[in-house]
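Only one structure is covered here, and it is reproduced in the block below.
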Amino acid sequence: MRAKVRTEFSRLREQAGLTLEETETLLAVSSRTAYRYEDGTSRIPGLALKTLKDAANRRLQVCDPAKTDFRFIDLFAGIGGLRLGFESIGGRCVFTSEWDPHSQQTYSLNFPDNHRINGDVREFSKNPELIPEHDVLLAGFPCQPFSLAGVSKKNSLGRPHGFLCDTQGTLFFDTAQIIAHHRPAAFVLENVKNLESHDQGRTFATIMNVLENELGYHVQHRVISSEPWVPQKRQRVFIVGFREHSLFDLKALKLPLAKDGPKLGSILQPHDDVDPKYTLTPRLWDYLQAYKAKHQTKGNGFGFSLFGPDDVARTLSARYYKDGSEVLIDQPGKRPRRLTPLECARLMGFDRGDRRFRIEVSDTQAYRQFGNAVVVPVVEFVADAMKAHIQTALAASREYPVLAGPALTVTRPPVAAVHA
């Protein structure tokens, strides 16, 4: 999917953190006029352009480079979960890549930026010099080729998965090529737990070989569950690498106790605030009950899961928009309901405490975006643990600078080699 071409109007509007409707109000123009400015079919008057620039500049004032401790890039950015974690320890994002236009829309609304959101990362792995210099690389490279659900679905359809998946499975190597060129002081990669065991561990072994032996980084990995921070059982593998030897020890980090974590009641909206449209239709509810009953007779565990305010939910997935079956909220005396997009934002830790997260896309797109996202408090925990070690690494780099360049290249093993 190709991202739409951004006009000066749309770029400034996004930098100002405004929806199209909010921009109409700001400029006192009709919806039709705003749409014509957005797609470039009408020229925006000078006064309106100045008003929009002023709004963007006010928001960009919080992005003073002098107030940041290090620079990072955000690859496969989604809606910015990794970014939130590393901004929380003083990082400044200097480059963003996210191919999905709907995710770009959500990202733009929630982050004031002085750089555009770039599309397909493969265009930059071919020309990594187009990416600004940075200290830390963040990448949540696509997990569908390695997830249990993704592998099962592709097996059933006779389609390739893992590194055999040309569209997504090889994007790790594009990430590695960028690391090879820029040689950042550190990187953080995130993926599904199943990455470790995919293809009997050969996929993960290939990834670690590239990072450690070809790129020469000191690499650690650990699966971390989100239960201590949010009421959701979501396990993800974090891969952390430092260019130079570091005292950072990912596996030694003491995690909060899962039993002390929050329950669903802490993120659910009051009953009266939930639109009735989120309650399952009689037809869908009958189908889900019949589907579960059919598999129970076969001894399978497939089917919907029902939760109350004292429970911890299953993993929210990108397919949640289809029927919501993995996390249905019990409504005594009524049919169950889906989570609302706001509740999904809370469940993933995007909307938390004093932090508000704006959701202006359709429910379908919101469910996809949150289902594909990282749990922000988990990233904040990892980032906070890394902070002092990043600072140490950067101090060493200033004393003994490492020049970026194309000296290192990443070997993409033939399919037969990866799966031998």
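The values are calculated or read from the model by the stated rules, or taken from the named source; none is laboratory data. Values in this document were obtained by computation on a predicted structure and should not be read as measured data. FYI the Cβ positions are ideal-geometry reconstructions off the backbone, even for glycines, and counts take in every protein chain you see.
Against the conditions (1) over 17 Å from Met386 (Cβ atoms); (2) surrounded by 20 or more Cβ atoms within 10 Å (Cβ to Cβ), Lys259 satisfies every one except (2). State the number of residues belonging to region 344-390 that are surrounded by 16 or more Cβ atoms within 10 Å (Cβ to Cβ), over 22 Å from Val230 (Cα atoms) and over 19 Å from the mean Cα position of the chain (by Cα). Residues flagged as surrounded by 16 or more Cβ atoms within 10 Å (Cβ to Cβ), over 22 Å from Val230 (Cα atoms) and over 19 Å from the mean Cα position of the chain (by Cα) within region 344-390 amount to 3. Where helices (runs of 4 or more DSSP H) fall wholly inside region 326-413, the ranges with 2 or more residues that are closer than 20 Å to Ser246 by Cα and either modelled with pLDDT under 95 or aliphatic (A, V, I, L, M) (or both) are 376-399.
Among the candidates Pro228, Pro256, single out the residue that is in contact with a helix residue (DSSP H, G or I) (Cβ under 6 Å, 6 or more places away or on another chain), within 21 Å of Val374 (Cα to Cα) and not aliphatic (A, V, I, L, M). Exactly one of Pro228, Pro256 is in contact with a helix residue (DSSP H, G or I) (Cβ under 6 Å, 6 or more places away or on another chain), within 21 Å of Val374 (Cα to Cα) and not aliphatic (A, V, I, L, M), namely Pro228. Scan region 114-141 residue by residue and report those that are crowded, with 22+ Cβ neighbours inside 10 Å and at pLDDT below 90. Scanning region 114-141 gives a single hit, Phe141. Any residue at all in region 240-257 that's of a type in the set (Gly, Ala, Ser) and closer than 27 Å to Gly308 by Cα? Looking through region 240-257, none of the residues is of a type in the set (Gly, Ala, Ser) and closer than 27 Å to Gly308 by Cα. Looking only at residues that are among the hydrophobic types (A, V, I, L, M, F, W, C) and out of contact with any strand residue (DSSP E or B) (no Cβ under 8 Å at 6 or more places or on another chain) in region 66-83, which one is nearest to Trp99 (Cα to Cα)? Here the residue is Ile79.
Scanning region 292-340 for residues that are at positive phi and either among the polar types (S, T, N, Q) or surrounded by 20 or more Cβ atoms within 10 Å (Cβ to Cβ) (or both) turns up just one, Gly324.
Considering region 177-236, the residues that are in contact (Cβ under 8 Å) with a residue 24 or more places away in the chain, over 20 Å from Ala77 (Cα atoms) and of a type in the set (Ser, Thr, Tyr) include one that is surrounded by the most Cβ atoms within 10 Å (Cβ to Cβ), namely Thr203.
If you go through region 267-291 one residue at a time, how many are in a helix (DSSP H, G or I) and surrounded by 12 or more Cβ atoms within 10 Å (Cβ to Cβ)? The qualifying residues number 8.
Take region 93-110 and flag every residue that is part of a loop (DSSP other than H, G, I, E, B) and either surrounded by 23 or more Cβ atoms within 10 Å (Cβ to Cβ) or not hydrophobic (A, V, I, L, M, F, W, C) (or both). Selection gives Glu98, Asp100.
One residue stands out among those in region 67-87 that are within 26 Å of Ala318 (Cα to Cα) and out of contact with any Ser or Thr (no Cβ under 9 Å at 6 or more places or on another chain): the one that is surrounded by the fewest Cβ atoms within 10 Å (Cβ to Cβ), which is Leu84. The sole residue among Glu196, Glu227, Glu212, Glu190 that is over 22 Å from the mean Cα position of the chain (by Cα) and not aromatic (Phe, Trp, Tyr) is Glu212. Against the test of being modelled with pLDDT of 95 or more and within 17 Å of Gly81 (Cβ to Cβ), the options Ile224, Ile179 yield a single qualifying residue, Ile224. When Lys251, Lys294, Lys259 are screened for being without any contact (Cβ under 8 Å) to a residue 60 or more places away in the chain, outside any loop (DSSP other than H, G, I, E, B) and in contact with a Lys or Arg (Cβ under 8 Å, 6 or more places away or on another chain), only Lys251 passes. Looking across Gly308, Gly303, Gly299, one residue alone is at pLDDT below 95 and within 15 Å of Gly324 (Cα to Cα). It is Gly303.
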